[in-house]
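Read-outs throughout are calculated quantities, based only on the coordinates presented, and are distinct from any laboratory measurement. None of the values given here were measured: they were computed from a predicted structure. Don't worry about glycine lacking a Cβ; one is built from the backbone with ideal geometry, like all the others, and counts go over all protein chains shown.
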Amino acid sequence: MKKVGWYLMSILPVLMMIGVQFIASIVITAWYMIRYGVTAGAQMVFDNIMGITVVTQVLTLLISALWYYLWIVRGRKQREKERKPRFSLRSAGIILCLAIGAQCLIGLLLVAWQYISPEQIESYNDLMETAGIGELTIFSAIATVIMAPLGEELVCRGLTVECLKRAGAGFWVINVVQAVLFGIMHLNLVQGVYAFLVGLICGYLALKYKTLMASMLFHLCFNAYSTFGTVILEKLEAMNSLVFNVSCLFIGIGAFFFGISLLKRDVREEEDPLTGTGIGI
């Protein structure tokens, strides 16, 4: 019964994040409407949607960071420190390689999805534009490249993973469950599917390196590639879409699996000299 409780508890951080952002958005919208009138206020909310998003992300980050510190970090200080694989500049390079490969492969997934169900991709693109993510601004860059990697990793790879560990779940159960919750958290099908795939990679990195720094760095690189490289990539695709997509396929497969091979070597379990058993996950 205790295990079931921890599994249910693992959903709470995601619900907290969705709830805080929803309530904060409602409060800010109501404030605009009360101060400037319904029509003018609604328009101002629409015009400042990314700024409002950043505010809600800051609130979520503050709450999740405090929760993580009080519940996990402070508790670990009272226990014997865990031995961790060393996270180095080499590790950062491996994660950058994985992020580039993942972006190329997921981009091809969306291209294939567009051929299969163009209306879903069109709806997704409209949603991104409405949310202000489709346009590169200071606020959209802060929201996607800084706030999302910090807040979402604390919630999903931090708090949720800790709950699943306390439930006694194994490595892959933890990784799949947190990735599913990460996908659901995005509240739309297209983004939810590729967020699930990204969540699997982020979870793998956080669990293997035993630090959120690894998953945060991957998340940051993945989002930065999309945020800052979209304009250039669209121009390259317009020149010759077939060559562009084939190139993405080979670059994606090469970079991703090369990164995986280096990652396995980087986090290889150390052998206990007395028992001969590994100490890692």
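Descriptive notes on the structure:
- Correct option for Cα Rg over 2.2 N^0.38 Å [calculated from the coordinates] among [x] 1.09; [y] 1.00; [z] 1.17: [x]
- The stretch between residue 193 and residue 246, if pulled fully straight at 0.36 nm per residue, gains 16.9 nm over its current Cα-Cα span.
- Net charge dipole, the stretch 2-266: roughly 1860 debye, given to the nearest 20, about the Cα centre with Cβ charges of +1 for Lys and Arg and -1 for Asp and Glu.
- Lysine pair count for the chain with Cα-Cα distance under 30 Å and sequence separation of 8 or more or different chains is 29.
- Dipole of the stretch 2-266 [Lys/Arg +1, Asp/Glu -1 at C-beta], most positive-end residue of 230, 205, 124: 205
- Mean Cβ count within 10 Å, highest first, over the residues of peptides 33-44, 100-111: 100-111, 33-44
- Ordering 39, 12, 70 by the projection of their Cα atoms onto the charge dipole of the stretch 1-80, which places +1 on the Cβ of Lys and Arg and -1 on the Cβ of Asp and Glu, puts 70 at the extreme positive end.
- Protection proxy ranking, peptides 246-253, 61-68, average beta carbon neighbours within 10 Å, highest first: 61-68, 246-253
- Euclidean distance between Cα centres, the stretch 1-54 to the stretch 153-226, Å: 21 Å
- Full extension of the chain segment joining residue 184 with residue 230 gains 14.1 nm, where the gain is 0.36 nm per residue of separation less the Cα-Cα distance.
- By the count of other C-beta atoms within 10 Å, a proxy for reagent exposure, 218, 22 are ordered fewest to most as 22, 218.
- Partnerless cysteines, meaning none of the other Cys C-beta atoms lie under 4.7 Å away, in the chain: 97, 156, 163, 202, 221
- Here 221, 156 are placed in order of increasing Cβ neighbour count within 10 Å, fewest first, which gives 221, 156.
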